[in-house]
Amino acid sequence: MPAPTTPSPTGSAQQQPGSTMGSQAATSAGDVVDPRSVVVTVDCFILALLGLLILLRLPRALVRLSKFEWTRGHFLWYDPTPRHLPSYIDFNNSAALSTFGLRRLESTKGRGHTEAKETLEKTNHGATIQTVEHHVHAHAQHGIYDTYPPSKPKGNHPPNLPIIASPSTLVTLPPIPIQALAPPRHISSCPSLLRLFEQPLRSRFVPGYSWNQAIILALYSSCIAYPAFYRSNPFTDPIRAGWIAMSQLPFVFVLATKNNVLGTFLGLGYEKLNFAHRFAGRILVLAANVHGIGYFYKWTAAGNFKTAIRGPGNTWGLVALVCLDVLCLFSTSFWRKRFYSVFSLTHIVGITLGLVALWNHRETSVPFVATAIGLYILDHVLRLLKTHPCTATLRPLPGLQITQIEIPKLNTGWRAGQHIRIRVLSSGLGWFGWSEVHPFTIANASHSDVDINHDHTQTLGDGNGGDGMVLLCKKAGNWTSRLYDLAGAEGYFGASGTGKTVKVLVEGPYGGPGHAIFASYSAAIFITGGSGITFAMAAIQELIREGAKGRSNTKVVELVWVVQDPGSISPLLPTLSALVKQRAHTSIRLSIHYTRALTRKVSLTQEELPSRLSIKPGRPDMVKAIDLVISRRLEIQARRQGGAGRLNGLLVGVCGPASLGDAVVEAIGGLEPPRKNQIGGIELHEE
């Protein structure tokens, strides 16, 4: 007769002490190891390691929270405030003044030109206009803005002061921000003493995976191996494997959620933690199978498999095991890349049914399942709060095989490098096209200062003062191909000349630079491939805007864009030219490299391009490009400060195929350490 039993966490029956059980056979008589205490101890150790990592990254988080950056990157919204101050502001309209951050200290209604001007001169001694005057003067030196409006003022008007247009009471102001802030403080991701180890950890041990990631996974595996083998034999003690599987369930969920609690504290997007989610999920599935198969063997050997499996808890355990195996099978790269809808559907069904099965499997599994459910619900509540129903305009860009999506009613709330998840509600995508959600990087800066003209198919606004969100969706799979066809269904600009209008659900923003602040670096170079240009355009626009407000340390920016066909750049050329021309206090250069032989005549010549935009054949020399940016920044430092002062490092941003990221990492490693130290170190950001 079998010994008395008590519930196990994920397996069937756990024998009482004194019975011939695998876990007790591995220990001396009377020396029983409680599997629950072992796995809980290991979980606490993992949490302590995560807490230490969060503590090490805390200085960067505090700098971001202490500046203007902390309000951005969480929720999208629409800001009706114009990007530029208008030429004239009604000085008698308090509401109009407050819109632009101005405060009327004394009414000018009914007074003459002289009295009104005196009022402004008195105001100039206060903080409000004084900030504007200083900001205008600083940027007028660089030739960014005209101090006066197009029509020159009459008389001897004091320089850099607002002008009263007589006889009306209208104030003329230059198109500048009202308030200027100091540049953000820079906190390096790696202390200077440890930079020697930065490049080896950053280098790849297999394509797409760094040694840094490999060490993290090895450390995690060691933590799991301890409870698996400590005074236990996995072949004879399936209970321990069940406890391990359940203890990892919350970790798998916290690493999988889009609104990642762990990523928020670490300053990493969910996509950066996805490698750990996949690994933890496979550990969970492996432990669950060791647990289940171990009991199947015991029951079969005892000749009571049919009787044992009919137990309510055991039946639910079998259901949970099947769900986990199905999830693991359909989460492989084959299904994710080729049949994403199948991957998504199996995840939804498998997670829902699997959690129900685990809840009913054993009472001891309830706390772990409840934690996972809590994380899952929190994530979906935040997803709902971040979702906006909008009207979008689709336009095809034939040269790039890209669909441009413009969403005018969402124009702020994101940071450069962040992406959104979009669902297009149109029957033109097929019967179930509306059910698919796809991520795309936002191609413009939040509330961008770059004006756009649709007549030239530019991509960052509407030419009429609008500056909504813009997405560039590469025609790559079935869904994006149907989207491209839908955009061109009514011709290039549609029947009305304004593009194809559709309803969409926009969720986000997600990802991005995390705790890093791009404007805190002394220089930046963005190396992109194909549609990865979207990340670079948004980042450069943001640097231009922050520089115009006096909130950027970045004096040199370089963009290297690798494409296959040079003719494909035509749709984006006006936008890229506009980026180069809006240099503010930042020196911007763009180089485009095409990798295929010309198959058709390209009308673009270097003479037709801006002086700081070049098109070259062949792949770029990345080591040379990065070194050139360092040289340009050092030249500026020597010219302005005589070489004195500390530089804040070079940001290298990468967006494109995994092979491009690997090549950039290799290029950074090709620079000598003293060269990197000259600019304050090199930090890599991959999208």
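Assorted remarks:
- For residue 412, distant residues with modelled amide H under 5 Å away: 77, 79, 447
- Cut-off under 5 Å, modelled amide H: who pairs with residue 681 long-range: 650
- Rolling a 1.4 Å probe over the protein chains gives residue 363 an accessible area of about 150 Å².
- Charge tally for residue 188 (other residues, Cβ to Cβ under 12 Å; Lys, Arg +1; Asp, Glu -1): +4.
- Accessible area per residue, Å², segment 317-447 with all protein chains present, probe 1.4 Å: 44
- Ranked by solvent-accessible area (1.4 Å probe, protein heavy atoms only, all chains present), the residues 469, 622 order from largest to smallest as 622, 469.
- Stretch gain in nm, segment residue 485-residue 342, where the contour uses 0.36 nm per residue and the Cα spacing is subtracted: 49.2 nm
- 555, 581, 298, ranked by accessible area, largest first (probe 1.4 Å): 581, 298, 555
- Based on Cα atoms of segment 305-352, Rg over Rh with Rh as the Kirkwood radius reads 1.17.
- Out-of-range pairs (alpha-carbon distance over 25 Å; input 474/624; 500/616; 503/581; 549/581; 474/503; 549/676): 474/624; 500/616; 503/581; 549/676
- Cα centroid separation, segment 613-633 to segment 642-687 (Å): 13
- Distance cut-off 21 Å, percentage of C-alpha pairs in segment 208-357 lying past it: 51
- The largest accessible area among 619, 64 belongs to the first residue in 619, 64, and the rest follow in falling order (1.4 Å probe, all chains).
- Annotation: average projected area of segment 392-444 is 4.3 square nanometres, based on the convex hull of Cα atoms across all directions.
The values are calculated or read from the model by the stated rules, or taken from the named source; none is laboratory data. Because the structure is a prediction, the values reported are computed rather than measured. Positions of Cβ are backbone-derived with ideal geometry, glycine not excepted, and every protein chain shown enters the neighbour counts. The area values use the complete protein model at the heavy-atom level, side chains included, leaving out ligands, DNA and RNA. Shrake-Rupley method; radii C 1.70, N 1.55, O 1.52, S 1.80 Å.
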